[in-house]
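Here is the structure we will look at.
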Amino acid sequence: MSTVTQAVAFPKAEVERIPPLQNGDRLTADEFERRYDAMPDLKKAELINGVVYMASPVSMEDHAAPHFDLISWLGLYRMTTPGVRGGGNATLRLPLNNRPQPDGFLIVEQSHGGQVKIVNRYIVGGPEFVVEVSATSVSYDLTDKLEVYLRNNVREYLVWRVFDREIDWFVLRSGQYERLTLSPDGYFKSEILPGLWLDPAALIRGDMATVAEMARRGLASAKHASFANRLQVAARPPS
């Protein structure tokens, strides 16, 4: 007498469903990153004080072109200042459920005395210099996000208010942001990154040849040469 053994079919384990990020979600940093990683086509989302901000469709004139011009300007400084790196739209890992994704930034490498760390390919801490392209003065770039950058020791913070045709440049002094005043000849000159000079009027009108010329003047200055030398002296060999 033969015995027929029937296979028992067990239900397949249900694949974990991860909720998508939504504007206004209140999440921890870990949950924000989990949902972000599950949305590979997502271009930009930020967590500011535990609240999710999703990017709207990006237009050419209001964001894409100004963003490109700012990154081009930052790139000139990075190319001629060993020990300084730059980036754009990279998530910063900051305390208290904050994951901003700034439009651009410059950092001094940790090996050269900089204040951020790169951990698992992410930046941990506030960069020395951050830039954002904003619409107007009521944007969260000048409210909640500004406070987050202040708390995390972002030394200088530039916001280009495209609709207002204005550029705000803040400098961290004695625990507060103060506006950087224009030089007598009408230019911005960074205090934390010597030689980083900007002609704001030229940038606003899209005259990148003049922006580049002013940038080159800053890079040829004695202060930039001294700063570059200090970075080289501070450099540590890779471990």
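Here is the figure for the stretch 41-58: residues that are open to solvent by less than 50 Å² (accessible area, probe 1.4 Å) and not in a strand (DSSP E or B) total 3.
Out of 78, 99, 93, one residue alone is basic (Lys, Arg) and over 19 Å from residue 152 (Cα atoms). It is 78.
Candidates in the stretch 92-101 are the residues that are out of contact with any Ser or Thr (no Cβ under 6 Å at 6 or more places or on another chain), of a type outside the set (A, V, I, L, M, F, W, C) and assigned to a loop (DSSP other than H, G, I, E, B); of these, the one that is most open to solvent (accessible area, probe 1.4 Å) is 95.
Taken over the stretch 22-49, the criterion of being under 22 Å from residue 149 (Cβ atoms) and over 18 Å from the mean Cα position of the chain (by Cα) is satisfied by 23, 24, 25, 26, 27, 28, 30.
Is it the case that some residue within the stretch 130-138 is over 23 Å from residue 55 (Cβ atoms) and open to solvent by 20 Å² or more (accessible area, probe 1.4 Å)? No; the residues of the stretch 130-138 include none that is over 23 Å from residue 55 (Cβ atoms) and open to solvent by 20 Å² or more (accessible area, probe 1.4 Å). For the stretch 172-208, filtered to residues that are part of a helix (DSSP H, G or I) and in contact with a helix residue (DSSP H, G or I) (Cβ under 8 Å, 6 or more places away or on another chain), the residue that is surrounded by the most Cβ atoms within 10 Å (Cβ to Cβ) is 203. Note on the stretch 59-72: residues that are in a loop (DSSP other than H, G, I, E, B) and touching a Phe, Trp or Tyr at 6+ places or on another chain (Cβ under 9 Å) total 0. Residues in the stretch 102-129 that are buried (at least 18 other Cβ atoms within 10 Å of the Cβ) and not in a strand (DSSP E or B): 102, 103, 112, 114, 116, 125, 126, 127, 128.
The values are calculated or read from the model by the stated rules, or taken from the named source; none is laboratory data. In this text the structure is predicted, and so the values were computed from the model without any measurement. Backbone-built Cβ (ideal geometry, glycine too); neighbour counts: all protein chains shown. Note: areas computed on protein heavy atoms with side chains; ligands, DNA, RNA excluded. Shrake-Rupley method; radii C 1.70, N 1.55, O 1.52, S 1.80 Å.
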